[in-house]
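Undergrad: Let me give you the structure first, and then I'll get to my questions.
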Amino acid sequence: MNESILVVDDDALVRKTLCSILSTEGYVVETAENGKHALKAIEKGRFDVALIDIQLPDIKGVDILFKLKQTQPRMVRIIITGYPSLENAIKAVNEGADGYVLKPFDSMKLLETIRKLLDEKNAEQIRMWVEMEKGNKFSEQFKKPRGSIFKN
């Protein structure tokens, strides 16, 4: 497993804890302390997962979600928050969050959530490739002239 995860949180202890947990599980982890640093990291590289605090000092987590949805649509995007509310959850989902995790988080549940969402995204990609291949084979049938229909 070489999947990469971007952790965006203004709390240094949360970043350090998540980095430790995720690295131990074999993920490549990069951290950002605010939205500005997160956007720079996104411009420089591709990530499989982003864990984003909804309350950042400079940019709202949901605004980062929107940017990620545009620039890295295949990425799993998970909001982490210590301020749970129905409004935040709805906003996160509307902006493209794949998951919503509450602080303090249970590390095993967090890892299960990440793995489940990654597996779902991978399965979705495989289905898309299979459908594209089916479509390509189907369209090839119509590219080849057959029978009297194509004769002048």
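Undergrad: Starting from the stretch 16-40, take each residue that is farther than 21 Å from Gln72 by Cα and modelled with pLDDT of 95 or more and list its partners that are among the polar types (S, T, N, Q) and surrounded by fewer than 16 Cβ atoms within 10 Å (Cβ to Cβ), counting only C-beta distances under 7 angstrom and pairs at least six apart or across chains.
TA: Ile21/Ser107
Undergrad: Of Pro57, Pro73, Pro84, which residue is touching a Leu at 6+ places or on another chain (Cβ under 8 Å) and surrounded by fewer than 16 Cβ atoms within 10 Å (Cβ to Cβ)?
TA: Going through Pro57, Pro73, Pro84 in turn, the sole match is Pro84.
Undergrad: It is to be established whether one or more residues within the stretch 2-15 are closer than 27 Å to Met128 by Cβ, crowded, with 20+ Cβ neighbours inside 10 Å and of a type in the set (Gly, Ala, Ser).
TA: Scanning the stretch 2-15 turns up no residue that is closer than 27 Å to Met128 by Cβ, crowded, with 20+ Cβ neighbours inside 10 Å and of a type in the set (Gly, Ala, Ser).
Undergrad: Going by what's in this entry, would Ile54 be described as farther than 17 Å from Leu111 by Cβ and under 17 Å from the mean Cα position of the chain (by Cα)?
TA: Against the criterion (farther than 17 Å from Leu111 by Cβ and under 17 Å from the mean Cα position of the chain (by Cα)), Ile54 qualifies.
The values are calculated or read from the model by the stated rules, or taken from the named source; none is laboratory data. Keep in mind that what you see is a predicted model, and the values were worked out from it rather than measured. All Cβ positions, even for glycine, are placed from backbone atoms using ideal geometry, and neighbour counts span all protein chains on display.
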